[in-house]
Amino acid sequence: KNEVEQSPQNLTAQEGEFITINCSYSVGISALHWLQQHPGGGIVSLFMLSSGKKKHGRLIATINIQEKHSSLHITASHPRDSAVYICAVRSGSARQLTFGSGTQLTVLP
Amino acid sequence: GAGVSQSPSNKVTEKGKDVELRCDPISGHTALYWYRQSLGQGLEFLIYFQGNSAPDKSGLPSDRFSAERTGGSVSTLTIQRTQQEDSAVYLCASSLNLVETQYFGPGTRLLVL
């Protein structure tokens, strides 16, 4: 079993829809990251969180430490949100990140 | 300000040749990471550097892989005697320190023929 599991693997939505991507992990963590990878390959860090909730524009990330679960929400989705969204965790005293396999999001106009 | 830069952006090489990939981190970032993303696969940690500490090489897949970071800034990832399975996108990231947000470079696409 992978340490970091994401769902769904693929997601297609219509413009304007509310989107949720889920991430579950099996180890104790010190931080969880949400990353965005565009078709050209560039990776952008969206959020780093260790508790609670963070919001940036139309993006919201939440984490429940007890349940070892995080969600990334996109409100009023737009075709430019189409990308791969990757969850990654830093566990305990480890320094490196362990990555989920990513969620391919396609938002149709 | 300037982000993380990597060179070359693309590299095609023949099996058995050595390659060097370069990463220029954001100025002032003490932590530097190398990752690999093989076709259709997730990101895989390779190595990280933090200041003057010994690097964590635990993610390097074989002894053909090595990396160095000179002067706490630029890093070079070297792959010796390349194999076809080394074909991947090699990504570098830097952060202010080990617990801060990582900023990724554009990656080097390596193709081993």
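Miscellaneous remarks
- As computed over the protein assembly as shown, the Cα convex hull volume per residue (Å³): 126 Å³
- Euclidean distance of C-alpha centroids, the stretch A:44-104 and the stretch B:70-106, integer Å: 22 Å
- Each distinct pair of alpha carbons in the stretch B:3-109 adds a 1/r term; the inverse of their mean, the Kirkwood radius, is 13.7 Å.
- Rough spin-label spacing in nm, given labels placed 7 Å along Cα→Cβ, for residue A:80 and residue A:12: 2.4 nm
- As a rough footprinting exposure proxy, the listed residues A:34, B:34 were ranked by other beta carbons within 10 Å of their own, and the order from fewest upward is A:34, B:34.
- Of all lysines in the structure, the ones whose alpha carbon falls short of 16 Å from that of residue A:68, not counting any fewer than 8 places away in one chain, are A:1, A:53.
- Using alpha carbons only: equivalent-ellipsoid semi-axes of the stretch B:17-80, gyration tensor based, whole Å: 20, 13, 12
- Charge tally in the Cβ shell below 15 Å around residue A:94, where Lys, Arg are +1 and Asp, Glu are -1, residue A:94 excluded: 0
- Share of Cα-Cα pairs in the stretch A:35-91 lying beyond 14 Å, as whole percent: 56 percent
- The residue B:63 and residue A:50 beta-carbon pair, evaluated with R₀ = 30 Å, returns a calculated FRET efficiency of approximately 0.25.
- Candidate lysines - alpha carbon under 28 Å from residue B:17, same-chain residues fewer than 8 apart omitted: B:57
- Compactness ratio for chain A: Cα radius of gyration over 2.2 N^0.38 Å (N = residue count) comes to 1.01.
Values quoted throughout were computed directly from the atomic coordinates according to the rules given, and no laboratory measurement underlies them. Note that the coordinates shown come from a computational prediction; the quantities given were computed from them, not determined experimentally. Using ideal geometry, Cβ is built from the backbone for each residue, glycine included, and neighbour counts are taken over all protein chains shown.
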